[in-house]
Amino acid sequence: MSRGSTALVVCILITCLASSVLVLGRIQTVYPSTPMEDVLLISSPEFLKRASLGYSGLLADIYWMRVVQYFGRKHLRDSMQYKTLAPLLDMTTTLDPKLVIAYEWGSTFLQQPPPSGAGDDEAAIALIRKGIRSNPDDWHLYFTLGFIQYLGLHDYLAAAKTFEEGSKVPNAHPWMRIMAAKMLSDAGNIETARYMWQNIYNESADKNLKQNAELHLACLAVDQEVPQLESRISEFRSRTGRNPSSWRELIASGLLRAIPRDPIGTAYVLCEDGHVVVADWKKLPFIEKGKPQ
């Protein structure tokens, strides 16, 4: 009778906790701009883990679903603030410290600049370090940390140290050691960033991760192509004393063979002042060059 009663109470508690999260998600779907979106019903991950009565893994999965839904809604609305993202991720990874996907993707959500993410490098690094402490033999987490240190903080020495530490983890990919060397030699080179994203694209079996890598590679192509195009425009200006009025003028002068297009197939925009921008930067959110004013 005692065991049966305990099991019943546990089932009721878990059902109530799960239902509260799912109901909140339903409310946010119906009323996407509600202030409830940035409200945590329970703010203490330690209390929630104790209250789960041994079913913390199940609750972690539910909270991870809420993280994905929260991020997705914010991202679709081009939100500039993700106030609850870091606390939700902390809650998720405290409930299940072995949920590696939450560290990898969660840190990506946190690190990417708004509106593509929270733009919080410190929170991203704190999360991934938490993951390494709980999963010291997973080299992917070291790679993610080094990646954030490199791209987010531009701290090449810290990134080199992280890649080197990760390369010593059992079954680590060989290019972890190569990345450590690249961080010390030519970390600021665009080819280094291309090398990193190309390796992610080649090695990942996750469709979403491959798509993310492909998008970053496209943005890097823009960063490389825009200065080259503006150099051709500068050469035209030195010859004629003015900026070209169209791409066809550059083609007629022999400086271009065809109208240049960005990696998604849209023609680059030639501005009156001689600068080159992409037609729709939202489709290429990580570009450094060619972004309209």
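The values are calculated or read from the model by the stated rules, or taken from the named source; none is laboratory data. No experiment lies behind these values; they were computed from the predicted model shown. Here Cβ is always computed from backbone atoms with ideal geometry, including for glycine, and neighbour counts include all displayed protein chains. When the accessible area is computed, the model is the full protein with side chains, heavy atoms only, and any ligands, DNA or RNA have been set aside. Shrake-Rupley method; radii C 1.70, N 1.55, O 1.52, S 1.80 Å.
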field: Qualifying trypsin sites (Lys or Arg not before Pro) for the stretch 163-257 [loop in DSSP, other Cβ within 10 Å: at most 13]
entry: Lys168, Arg242, Arg257
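As a test of reading the structure, rank Asp90, Asp273 by solvent-accessible area (1.4 Å probe, protein chains only), most first. List each step's numbers first, then the result.
Values: Asp90 65, Asp273 95 Å².
Descending accessible area places them as Asp273, Asp90.
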- line: With the 1.4 Å probe rolled over protein heavy atoms, the stretch 120-260 has an accessible area per residue in Å² of 52
message: Taking just the alpha-carbon atoms of the stretch 138-293, what radius of gyration and Dmax come out, in angstrom?
response: 19.0, 61
message: Considering all projection directions equally, how large on average is the shadow of the alpha-carbon convex hull of the stretch 183-246, in square nanometres?
response: 6.3
- prompt: Each residue of the stretch 86-97 in order: what ³J(HN,Hα) in whole Hz does its phi give by Karplus 6.51 cos²θ - 1.76 cosθ + 1.60, θ = phi - 60°, with x for Gly and Pro?
  reply: 5, x, 5, 5, 5, 4, 4, 7, 6, 5, 9, x
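For the stretch 67-135, which whole-number percentage of the solvent-accessible area (1.4 Å probe, protein heavy atoms only) is attributable to carbon and sulfur atoms?
On the way: 1530 of 2760 Å².
About 55 percent, which is the carbon plus sulfur part of the accessible surface.
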message: For the stretch 96-168, what does the convex hull of the Cα positions come to per residue, in cubic angstrom?
response: 68
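Quote the FRET efficiency, to the nearest 0.05, computed for Lys98 versus Lys283 with a Förster distance R0 of 41 Å and r equal to the Cβ-Cβ distance. Walk me through the numbers before you get to the answer.
Working: r = 36 Å, r/R0 = 0.88.
Computed FRET efficiency for Lys98 and Lys283: 0.70.
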- prompt: Considering only protein heavy atoms and a 1.4 Å probe, what is the carbon-and-sulfur percentage of the accessible area of the stretch 168-293?
  reply: 48
query: Check Arg261: other-chain or 5+ apart residues with amide H under 5 Å from its amide H, H built from backbone geometry?
result: Tyr268
message: Can you compute 3J(HN,Hα) from phi for each residue in the stretch 266-277, using the Karplus curve 6.51 cos²θ - 1.76 cosθ + 1.60 with θ = phi - 60°, rounded to whole Hz and x for Gly and Pro?
response: 9, 5, 5, 9, 8, 7, 4, 7, x, 7, 10, 10
message: Please list, in order along the stretch 113-123, the HN-Hα scalar couplings obtained from phi with the Karplus expression 6.51 cos²θ - 1.76 cosθ + 1.60 (θ = phi - 60°), rounded to whole Hz, x for Gly and Pro.
response: x, x, x, 6, x, 7, x, 10, 4, 5, 5
